[in-house]
Amino acid sequence: MPRRWIAALACLAALVALACEGGTSASPRPTKSTPSSGGPGGIAALGDSISTGFASCLVLTSCERNSWSTGDGLRVDSHYRRLLDQDSAIRGRAYNHARPGARADALEGQAQGAVRDRADYVTVLIGANDICRGGVDAMTPVTTFRTDVDRGLRALRTGRPKARVLVVSIPDLYRLWEVGHDDGRATRAWKRGICPALLANATSNAPADKARRAAVRERIDAYNVQLVAACRAYGSRCRHDGGAAHRVRFTLDLLNPLDWFHPNASGQDRLAEVTWRASGLAD
């Protein structure tokens with residue numbers, strides 16, 4: 001073959017190689033839409049008024065944009081917002097099934113909603129209303145509480161077996177009485193029926209009132225023990241927060257100034273911070 005044809009063919013081969021290389025470099029590269037943590041494709045919150053951001057917008061109603069779990073507002077660095085930083089594909093896929101006043105027996109229905117949403121990450125914070133809705137005699141028995149939690153978690157495991165579940169410890173409600181019972185603003189608000197099992201006669205040191213508050217504290221501890229056990233029974237896809245939420249040392253500046261019970265936006269942000277560290281998704 002003439003030398004000039006050999007040279008032409010060599011040049012043509014080089015051009016083809018360059019074209020192929022250029023095509024490869026122009027192909028899409030992995031972005032944050034692929035979660036670095038193996039994180040979820042969507043998030044759902046189950047629970048009560050705490051997870052709805054209740055009273056965090058200075059109105060005695062839910063304010064979901066400030067939810068520690070699914071909030072999309074700017075004042076709370078929620079789990080949803082943190083996940084969105086990892087995975088842009090979950091934008092708009094935050095579902096809040098928590099309801100003010102909900103007890104553990106509502107978890108099953110809420111879990112079914114999360115299944116319908118096809119959520120891949122579910123947060124569970126429940127128990128405050130099992131304590132607070134009425135007096136000490138009205139508190140949900142520990143065995144019943146555990147049965148209700150198991151039923152809710154079973155609905156998740158059946159419907160979304162690969163979803164990650166974070167079970168959050170019940171915050172230290174007794175701590176609220178400790179920091180607020182000497183504050184006139186708080187005690188006046190509590191007289192409107194805020195968690196009467198714990199906060200009725202908040203300034204009283206009578207033996208009966210002290211015994212009532214001690215009983216509430218013991219019941220919260222008992223529920224938290226059951227939440228740990230229920231998560232363990234669920235299996236490897238469930239993670240407990242290790243008591244992170246319960247250890248938060250709430251002060252009055254982390255509570256809303258309407259009922260002095262529910263977290264304000266700063267309190268919600270604090271819950272988001274400690275539970276996110278416990279979730280395993282921050283790694």
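The values are calculated or read from the model by the stated rules, or taken from the named source; none is laboratory data. If you're wondering where the values come from, they're calculated on a predicted model, not measured in any experiment. Positions of Cβ are backbone-derived with ideal geometry, glycine not excepted, and every protein chain shown enters the neighbour counts.
Quick one: in segment 268-283, of everything that is under 13 Å from N66 (Cα atoms) and touching a strand residue (DSSP E or B) at 6+ places or on another chain (Cβ under 9 Å), which residue is surrounded by the most Cβ atoms within 10 Å (Cβ to Cβ)?
Step by step, filter segment 268-283, then rank; the result is L271.
Yes/no per residue for (1) buried (at least 17 other Cβ atoms within 10 Å of the Cβ); (2) of a type in the set (F, W, Y); (3) in contact with a strand residue (DSSP E or B) (Cβ under 6 Å, 6 or more places away or on another chain):
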{"residue": "S56", "(1), (2), (3)": "yes, no, no"}
{"residue": "T61", "(1), (2), (3)": "no, no, no"}
{"residue": "R65", "(1), (2), (3)": "yes, no, no"}
{"residue": "G71", "(1), (2), (3)": "yes, no, no"}
{"residue": "V76", "(1), (2), (3)": "yes, no, no"}
{"residue": "Y80", "(1), (2), (3)": "yes, yes, yes"}
{"residue": "Y95", "(1), (2), (3)": "yes, yes, yes"}
{"residue": "A98", "(1), (2), (3)": "yes, no, yes"}
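Of all helices (runs of 4 or more DSSP H) completely enclosed by segment 72-134, which ones contain at least 2 residues that are under 16 Å from the mean Cα position of the chain (by Cα)? Lay out the reasoning, then the answer.
Working: elements: 79-86, 107-117, 128-132.
The helices (runs of 4 or more DSSP H) meeting that bar are 79-86, 107-117.
Considering every residue within segment 108-128, establish whether at least one is touching a Cys at 6+ places or on another chain (Cβ under 7 Å), without any contact (Cβ under 8 Å) to a residue 40 or more places away in the chain and not charged (D, E, K, R).
We begin by selecting, within segment 108-128, every residue touching a Cys at 6+ places or on another chain (Cβ under 7 Å); these are none.
Checked segment 108-128: no residue is touching a Cys at 6+ places or on another chain (Cβ under 7 Å), without any contact (Cβ under 8 Å) to a residue 40 or more places away in the chain and not charged (D, E, K, R).
Could you check segment 221-238 and list, in sequence order, the residues that are buried (at least 18 other Cβ atoms within 10 Å of the Cβ) and touching a helix residue (DSSP H, G or I) at 6+ places or on another chain (Cβ under 7 Å)?
Y223, Q226, L227, A230, Y234, C238
Is it the case, given these coordinates, that R93 is at pLDDT 95 or above and charged (D, E, K, R)? Lay out the reasoning, then the answer.
Numbers: at pLDDT 95 or above: yes; charged (D, E, K, R): yes.
So R93 fits the description; yes.
I want to confirm something. Restricting to segment 103-147 and keeping residues that are touching a strand residue (DSSP E or B) at 6+ places or on another chain (Cβ under 8 Å) and among the hydroxyl-bearing types (S, T, Y), which single residue is farthest from K210 (Cα to Cα)?
Restricting attention to segment 103-147, the residues satisfying the condition of being touching a strand residue (DSSP E or B) at 6+ places or on another chain (Cβ under 8 Å) are 107, 110-111, 113-114, 117, 119-126.
Next, from what is left, pick out any that are among the hydroxyl-bearing types (S, T, Y): 121, 123.
Numbers: Y121: 40, T123: 33 Å.
Ranking the candidates gives Y121 first.
From K210, K162, grab the single residue that is surrounded by fewer than 20 Cβ atoms within 10 Å (Cβ to Cβ) and free of Cβ contacts under 8 Å to residues at least 24 places away in the same chain.
Details: K162 fails: free of Cβ contacts under 8 Å to residues at least 24 places away in the same chain.
On inspection, the qualifying residue turns out to be K210.
If I ask for residues that are surrounded by fewer than 16 Cβ atoms within 10 Å (Cβ to Cβ) and of a type in the set (G, A, S), which ones from segment 119-158 would you list?
Selection gives G134, G135, A138.
Would you be able to say whether some residue in segment 187-197 is in contact with a Ser or Thr (Cβ under 7 Å, 6 or more places away or on another chain) and of a type in the set (A, V, I, L, M)? Break it down into steps so the answer makes sense when it comes.
Narrowing segment 187-197 to residues in contact with a Ser or Thr (Cβ under 7 Å, 6 or more places away or on another chain): 187.
Those still in the list that are of a type in the set (A, V, I, L, M) too: none.
The answer is no, given that none of the residues of segment 187-197 is in contact with a Ser or Thr (Cβ under 7 Å, 6 or more places away or on another chain) and of a type in the set (A, V, I, L, M).
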